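*Asks:* Here it is, the structure, as structure tokens.
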Amino acid sequence: MKNLAPPDAAALEALETREWLDSLDYVLKQGDKGRVIRLLEALRARARLAGVRAPFGATTPYINTISPQEQVPMPGDNTLERRIKSMIRWNALAMVVRANRESDGIGGHISTYASAATLYEVGFNHFFRGKDAGSSADVIFYQGHASPGIYARAFLEGRLSEQHLRDFRHELRPSGGVSSYPHPWLMPDFWEFPTVSMGLSPLMAIYQARFVRYLENRGLKEPSDQKVWAFLGDGETDEPEALGSISLAAREKLDNLIFVVNCNLQRLDGPVRGNGQIIQELEAVFRGAGWNVIKVIWGSEWDQLLQNDTDGLLVKRMGEIVDGEYQRYVVEDGAYLRKQFWGADPRLLDMVRHLSDDDLKKLRVGGHDPVKVYNAYRAAVRHQGAPTVILARTIKGYGLGEAGEGKNITHQQKKMNEADLRHFRDRFGIPISDDRIAEAPFYRPDETSAEIRYLKERRQSLGGFVPRRIVTAPAITPALPDVFDEFFKGTEGRKASTTMVFVRLLSKLMRDREIGKLVVPIVPDEARTFGMESLFRSVGIYSSIGQLYEPVDMDTLLYYKEAKDGQILEEGITEAGSISSWIAAGTAYATHGVNTIPFFIFYSMFGFQRVGDFIWAAADARTRGFLLGGTAGRTTLAGEGLQHQDGNSHTLALPVPTCHAYDPAFAYELAVIIRHGIRRMYGEGEPGFYYLTVMNEQYEMPPMPDGAADGIIKGLYRFRGAGGRSAKAHAQLLGSGAILNEVIKAQELLDGYGVVADVWSATSYNELYRDAHRAERWNLLHPAEKPRVPYVAQCLSDAPGVVVAASDYLKSQPDTIARWIGRPVTTLGTDGFGRSEDRAALRNFFEVDARHVVAATLSSLAREKQIDQKVVTKAFKDLEIDPDKADPTIS
Ligand SMILES: Cc1ncc(C[n+]2csc(CCOP(=O)(O)OP(=O)(O)O)c2C)c(N)n1
Ligand SMILES: [Mg+2]
């Protein structure tokens with residue numbers, strides 16, 4: 001066929017397009033959407049056969065996913081809801097403005113909640129179920145810096161007083177002012193989940209939703225229509241944690257999970273995707289992962305315009321504007337919009353000829369239209385078979401006008417002058433008089449007002465106020481007969497590692513009739529590393545769909561068994577996901593009223609170092625449970641080298657206030673600590689958790705010395721004394737974990753040089769350090785009273801001789817307690833980068849083997865003039881100590 005001249009070609013194409021669209025309309029009119037899909041599929045197949053390669057498109061047009069025809073009218077009293085929302089907006093703003101007026105630089109955020117108010121209010125009035133709904137109570141992760149809005153609502157609800165609002169970010173005032181962000185540690189009756197370290201909450205929400213299924217499938221929680229909601233910022237989705245596990249949510253068909261992404265197109269510094277479209281980008285990512293994506297881009301005012309857009313010109317125009325330009329539209333007037341947006345094509349201009357510039361400016365975006373948001377939530381809670389993400393277009397700083405609406409500075413806006421306040425008041429119709437406006441007073445209508453009654457009635461019918469944190473799980477004090485006893489006896493000649501001991505202890509705990517079912521073992525693809533594969537068969541690996549295949553090792557005893565009621569959470573290679581499961585399980589005593597006892601065992605180096613911020617959030621969330629750093633110890637883990645050998649984690653655990661970190665050497669130490677932990681956390685309600693490093697070096701486990709239990713928990717006890725012998729020179733040797741064995745060997749070697757030594761097992765320098773500071777602080781504040789003696793001083797200050805401490809961790813570990821011992825402490829540790837080597841070579845390299853313990857002891861004694869220098873020289877020669885060897889710290 002002859003090529004047509006361009007104008008004719010365009011006309012022909014337009015005609016053809018029209019015909020195809022008419023045909024589609026005809027089918028649509030018959031009301032059969034399935035037929036439409038089949039037609040499109042058939043066309044696609046035909047084109048493909050003819051060699052047409054349509055570009056991959058994971059996105060849908062830049063319009064709302066839910067068409068006006070699919071919408072239902074919004075229930076409730078929309079006018080009242082708007083008034084309530086306006087009051088909340090006002091109080092949230094006043095809270096931040098007043099706090100910053102009073103204390104310059106105290107901070108807070110206005111513009112985030114201003115953009116998210118409708119997203120929250122529709123939830124509060126129609127969807128979020130409170131704790132009175134029992135097992136159906138929703139689990140909600142609030143965007144951290146939207147907290148002023150959440151407080152402002154609680155104020156209207158009568159749950160927070162005006163004083164609380166006045167004391168926003170002044171937590172140390174007598175009222176116990178409200179905290180900056182959601183922190184359960186600080187407001188344990190209010191917040192449930194810490195969310196402000198961005199990216200953590202979406203990941204925690206996914207694993208929370210999955211954990212709910214786990215509880216249900218294992219019969220620990222009644223199945224319900226409970227939802228897990230996570231409210232995120234669009235900028236937040238740049239955090240790798242935010243999107244990193246979305247495929248799991250789809251794979252697990254978590255239709256109990258709803259993400260609401262507040263797409264205000266801005267983050268802190270400026271636009272999220274100035275040159276692109278964050279909504280489309282996220283749609284592609286989530287659709288690709290198998291999520292149900294609901295876009296809420298345009299408000300109801302656009303419905304008619306889109307209805308009239310028979311040629312798709314408007315939809316096309318909507319899709320070609322980049323976010324930076326859309327942001328610009330927020331700050332410009334209607335004339336600008338007419339020129340820049342509508343002016344692109346005379347036919348577009350025609351579409352809005354009947355609208356004034358003012359009307360154009362008033363065309364809302366979807367996230368500020370309750371009807372659109374309501375319908376999106378309604379569709380989300382009804383959707384089955386996949387999680388839902390709602391991408392809601394909003395305006396950052398909505399309603400702030402000149403003070404920041406849509407501006408790049410808006411995230412940081414904390415102050416407003418009188419004119420700005422007046423503008424905001426007028427915009428939202430807050431009944432505050434001109435003469436009071438400057439002071440930004442909080443506003444709460446009378447208790448009997450229609451607004452307050454409505455707001456309370458709505459919450460009552462939805463199961464009470466949210467957020468609210470309550471602990472419903474009863475305290476448990478399991479008897480645990482026989483679980484621990486065998487470990488106190490020692491292994492009687494048999495060799496074992498502390499990891500093997502732990503696995504045995506865990507299996508025994510899981511067999512316990514009382515608490516066995518509550519144990520949640522969590523592994524990130526390391527079960528075989530830790531010798532836990534026997535659990536695969538005995539308790540099964542959790543799989544929401546059971547096992548659809550016959551495992552390759554079916555004919556072996558320990559085959560890979562997946563089961564719907566499987567107990568192990570085998571997370572695959574994701575420490576971030578695993579720790580999120582651990583947090584979900586470790587907070588279930590509050591979230592779900594179930595005392596699950598999680599044990600997350602991971603490759604030690606990839607714990608505190610890799611997912612430290614989650615651990616911090618776990619502490620804030622009052623998580624209970626056990627963390628096990630496996631294959632730990634810089635020199636105990638042989639062969640693996642620099643990236644794997646952990647000498648850091650105990651130091652990294654120290655700052656976490658609720659974390660009790662232990663470096664046990666022997667089976668009975670491990671048993672004592674775990675028994676104590678269960679008692680403290682689940683019996684006495686301690687809001688903390690326990691971290692234990694376990695190793696893969698095998699050696700004989702001795703029986704527990706009498707009376708050692710108390711010291712094991714406190715962090716130090718005498719393992720083997722000098723037996724009352726006296727000599728010219730004495731030493732106190734402290735060892736931890738596998739290095740304790742080196743210290744025991746050193747004790748024997750020192751005997752040969754005329755030095756009598758006591759050996760102490762230092763199970764936790766962190767606990768000793770905290771205890772010492774507690775005592776010191778008390779003494780400082782009570783100068784007239786009998787001083788308290790730190791436990792470490794009680795143990796060591798009167799013990800004779802020099803003190804030498806060795807561990808497989810940083811030298812700073814024993815250094816932290818050195819000053820309470822009353823004399824210098826020589827510390828040996830593993831500062832520096834690891835090496836691929838065997839244990840003996842590693843311990844020589846890091847100077848923590850028995851030889852170096854002896855050398856350090858003798859050297860210290862010589863310096864103290866307690867032995868002759870000649871003894872040291874001889875010993876160095878005997879032990880082949882090289883004084884000029886390279887410093888492992890920097891070599
Ligand atoms: C891990 C982390 N990094 C940085 C911050 C600091 N921060 C707080 S809010 C914010 C911008 C948030 O933008 P967005 O997620 O789009 O939320 P919006 O306020 O726009 O709703 C930043 C960078 C943080 N809270 N957490
Ligand atoms: Mg944003």
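*Asks:* Looking only at segment 327-350, filter to residues that are within 16 Å of Gly401 (Cα to Cα) and in a helix (DSSP H, G or I); which one of those is farthest from the chain's Cα centre (by Cα)?
*Replies:* Here the residue is Gly334.
*Asks:* Give just the number: which of (1) within 16 Å of ligand 2 (Cβ to nearest atom); (2) open to solvent by less than 20 Å² (accessible area, probe 1.4 Å); (3) β-branched (Val, Ile, Thr) does Val373 not satisfy?
*Replies:* (1)
*Asks:* While we're here: State whether the residues of segment 209-227 include one that is within 16 Å of ligand 1 (Cβ to nearest atom) and either under 17 Å from the mean Cα position of the chain (by Cα) or over 17 Å from Thr112 (Cα atoms) (or both).
*Replies:* No: segment 209-227 contains no residue that is within 16 Å of ligand 1 (Cβ to nearest atom) and either under 17 Å from the mean Cα position of the chain (by Cα) or over 17 Å from Thr112 (Cα atoms) (or both).
*Asks:* Another question about this same structure. Of the conditions (1) in a loop (DSSP other than H, G, I, E, B); (2) within 16 Å of ligand 2 (Cβ to nearest atom); (3) within 30 Å of Ala250 (Cα to Cα), Asn408 satisfies every one except a single condition; which number is it?
*Replies:* Asn408 satisfies all of (1) in a loop (DSSP other than H, G, I, E, B); (2) within 16 Å of ligand 2 (Cβ to nearest atom); (3) within 30 Å of Ala250 (Cα to Cα) except (3).
*Asks:* Here's another thing I want to ask about it. Here's a check for you: in segment 210-225, which residue that is closer than 30 Å to Ser147 by Cβ and open to solvent by 10 Å² or more (accessible area, probe 1.4 Å) is nearest to ligand 2 (Cβ to nearest atom)?
*Replies:* For segment 210-225, the residue satisfying everything is Arg210.
*Asks:* Regarding segment 680-691, can at least one residue be identified that is in contact (Cβ under 8 Å) with a residue 40 or more places away in the chain and over 25 Å from Lys508 (Cβ atoms)?
*Replies:* yes
*Asks:* His383 passes all but one of (1) in contact with a strand residue (DSSP E or B) (Cβ under 9 Å, 6 or more places away or on another chain); (2) within 16 Å of ligand 2 (Cβ to nearest atom); which number fails?
*Replies:* The one condition His383 does not meet is (2).
*Asks:* Follow-up. If you scan segment 793-817, which residues turn out to be under 35 Å from the mean Cα position of the chain (by Cα) and aliphatic (A, V, I, L, M)?
*Replies:* Ala806, Leu810, Ile817
*Asks:* Pairs please, first residue from segment 250-267 and within 16 Å of Gly366 (Cβ to Cβ), second anywhere and within 11 Å of ligand 1 (Cβ to nearest atom) and among the acidic types (Asp, Glu), Cβ atoms under 6 Å, 6+ apart in sequence or on different chains.
*Replies:* Pairs that qualify, where the first residue is within 16 Å of Gly366 (Cβ to Cβ) and the partner is within 11 Å of ligand 1 (Cβ to nearest atom) and among the acidic types (Asp, Glu), are Val261/Asp234; Cys263/Asp234.
*Asks:* Go through segment 377-387 and report how many residues are more than 11 Å from Asn292 (Cα to Cα) and buried (at least 22 other Cβ atoms within 10 Å of the Cβ).
*Replies:* Matching residues across segment 377-387 total 1.
*Asks:* With respect to the numbered conditions (1) open to solvent by 10 Å² or more (accessible area, probe 1.4 Å); (2) closer than 24 Å to Gln747 by Cβ, which one is the sole condition not fulfilled by Val789?
*Replies:* It is condition (2) that Val789 fails.
*Asks:* A further question follows. Are there any strands (runs of 3 or more DSSP E) wholly within segment 577-664 with 1 or more residues that are open to solvent by 10 Å² or more (accessible area, probe 1.4 Å), and if so which?
*Replies:* Strands (runs of 3 or more DSSP E) meeting the threshold: 597-603, 659-662.
*Asks:* Going residue by residue through segment 177-200, is there one that turns out to be among the β-branched types (Val, Ile, Thr) and not in a loop (DSSP other than H, G, I, E, B)?
*Replies:* Among the residues of segment 177-200, not one is among the β-branched types (Val, Ile, Thr) and not in a loop (DSSP other than H, G, I, E, B), which makes the answer no.
*Asks:* Hey, does segment 76-88 have a residue that's open to solvent by 20 Å² or more (accessible area, probe 1.4 Å), touching a His at 6+ places or on another chain (Cβ under 9 Å), modelled with pLDDT of 95 or more and not in a helix (DSSP H, G or I)?
*Replies:* Within segment 76-88 (the criterion being open to solvent by 20 Å² or more (accessible area, probe 1.4 Å), touching a His at 6+ places or on another chain (Cβ under 9 Å), modelled with pLDDT of 95 or more and not in a helix (DSSP H, G or I)), the answer is yes, since at least one residue qualifies.
*Asks:* Which of the numbered conditions does Arg153 fail, given that it passes all the others? Conditions: (1) over 15 Å from Arg83 (Cβ atoms); (2) among the basic types (Lys, Arg); (3) in a helix (DSSP H, G or I).
*Replies:* The number of the failed condition is (1).
*Asks:* Now for a separate question. Scan Gly123, Gly108, Gly134 and give me the residue that is part of a loop (DSSP other than H, G, I, E, B) and not aromatic (Phe, Trp, Tyr).
*Replies:* Gly108
Every residue, every condition in (1) assigned to a helix (DSSP H, G or I); (2) closer than 30 Å to Thr499 by Cα, yes or no:
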site	(1), (2)
Leu734	no, yes
Val743	yes, yes
Tyr753	no, no
Ser761	no, yes
Glu767	yes, yes
Ala775	yes, no
Trp778	yes, no
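Each row is one residue, and each column tells you yes or no for (1) at positive phi; (2) modelled with pLDDT of 95 or more.
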position: Gly531; (1), (2): yes, no
position: Gln547; (1), (2): no, yes
position: Leu557; (1), (2): no, no
position: Gln567; (1), (2): no, yes
position: Asn595; (1), (2): no, yes
position: Ala617; (1), (2): no, yes
position: Ala621; (1), (2): no, yes
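*Asks:* Okay, moving on. Need the failing condition index for Glu102 against (1) open to solvent by 30 Å² or more (accessible area, probe 1.4 Å); (2) at pLDDT 95 or above, just the number.
*Replies:* All conditions pass for Glu102, except number (2).
*Asks:* Then there is this: Can you give me the number of residues within segment 411-430 that are in a loop (DSSP other than H, G, I, E, B) and open to solvent by less than 80 Å² (accessible area, probe 1.4 Å)?
*Replies:* 5
*Asks:* What's the number of the condition Pro687 fails, among (1) open to solvent by 10 Å² or more (accessible area, probe 1.4 Å); (2) touching a helix residue (DSSP H, G or I) at 6+ places or on another chain (Cβ under 7 Å)?
*Replies:* (2)
*Asks:* Moving on. List the helices (runs of 4 or more DSSP H) that sit entirely inside segment 241-319 and contain at least 1 residues that are within 14 Å of ligand 2 (Cβ to nearest atom) and surrounded by fewer than 24 Cβ atoms within 10 Å (Cβ to Cβ).
*Replies:* 278-289
*Asks:* Just to be sure before I move on: is Ala117 within 16 Å of ligand 1 (Cβ to nearest atom), surrounded by 18 or more Cβ atoms within 10 Å (Cβ to Cβ) and more than 29 Å from Gly312 (Cα to Cα) in the structure I sent?
*Replies:* yes
*Asks:* Considering only segment 802-827, how many residues are open to solvent by 20 Å² or more (accessible area, probe 1.4 Å) and assigned to a loop (DSSP other than H, G, I, E, B)?
*Replies:* So the answer is 6.
*Asks:* Could you list, in sequence order, the residues of segment 238-287 that are touching a Lys or Arg at 6+ places or on another chain (Cβ under 8 Å) and away from ligand 1 (no atom under 16 Å from the Cβ)?
*Replies:* Selection gives Leu248, Ala249, Glu252, Leu254, Asn256, Leu257, Ile258, Glu283.
The values are calculated or read from the model by the stated rules, or taken from the named source; none is laboratory data. Here the structure is a predicted model, which is why all the values come from computation and not from measurement. Cβ sites come from the backbone with ideal geometry, for glycine too, and all protein chains shown count toward neighbours. To get the accessible areas, we keep the full protein, side chains included, count just its heavy atoms, and leave off ligands, DNA and RNA. Shrake-Rupley method; radii C 1.70, N 1.55, O 1.52, S 1.80 Å.
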